[in-house]
Amino acid sequence: MQRVDTLACTRSDGHTIPVQRSRQMLTNLTTQQVNSIVTLAKAARTQRDQFLGNVAEADLADSKAARGEHNPTAALGFEPIPPEAPQIIALREAVAALSSAARAELYALMRAGQGDLAMQTWDRGIGDAERLGDDAVTGSLIEDPDLHHHLTKGLYKSSRGP
């Protein structure tokens, strides 16, 4: 995914003009790796929903919030699924197999998909991941029951640019 940064350049006559510079956003992570994790996260979410009895969200909450989390069971994460469930193990292993830099990009992509990070502030998301450390980033990724949706949305946002 490329991002276009707009810079200011001053010409010799003193006029400032905008200059666009392309920059690769996903440098340590491939779209194929993201799509593989999306598939695993979706399988884990499906298993989780089966454990919860596929109860409609409308039956779990009085009214849907205008902003923020719309899934009343999101706070549960993948808790309803036993940690030894094959879907959770596969997801955990896929995330663990990534390099630390690739996990940081995956984290930033998830945050962009959640609406917590604008694509223009991609570097801030990478910096946040580095400050949090590998264990916290991995935990955030693994515990997000909507990871498949957030990553897909993040990929979509990154393909459109800032």
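When the test is whether a residue is at pLDDT 50 or above and not in a helix (DSSP H, G or I), ASP49 does not pass it. Considering each residue of the stretch 137-154 in turn, none proves to be in contact with a His (Cβ under 6 Å, 6 or more places away or on another chain) and at pLDDT 90 or above.
Specify which of the listed residues (ASP116, ASP144, ASP123, ASP135) is under 12 Å from the mean Cα position of the chain (by Cα), of a type in the set (Asp, Glu) and open to solvent by 30 Å² or more (accessible area, probe 1.4 Å). The match here is ASP116.
The C-beta contact set for the stretch 127-150 (first residue among the β-branched types (Val, Ile, Thr), second residue at pLDDT 90 or above and buried (at least 19 other Cβ atoms within 10 Å of the Cβ), distance under 6 angstrom, 6+ apart or interchain) comprises VAL137/ARG103; VAL137/TYR107; VAL137/ALA129; THR138/VAL95.
The values are calculated or read from the model by the stated rules, or taken from the named source; none is laboratory data. Worth saying up front: this structure is predicted, and the values here are computed from it rather than measured. Because the Cβ atoms are built from the backbone with ideal geometry, glycine has one as well, and the counts that use them run over all protein chains shown. For accessibility, only protein heavy atoms count, side chains too; no ligands or nucleic acids. Shrake-Rupley method; radii C 1.70, N 1.55, O 1.52, S 1.80 Å.
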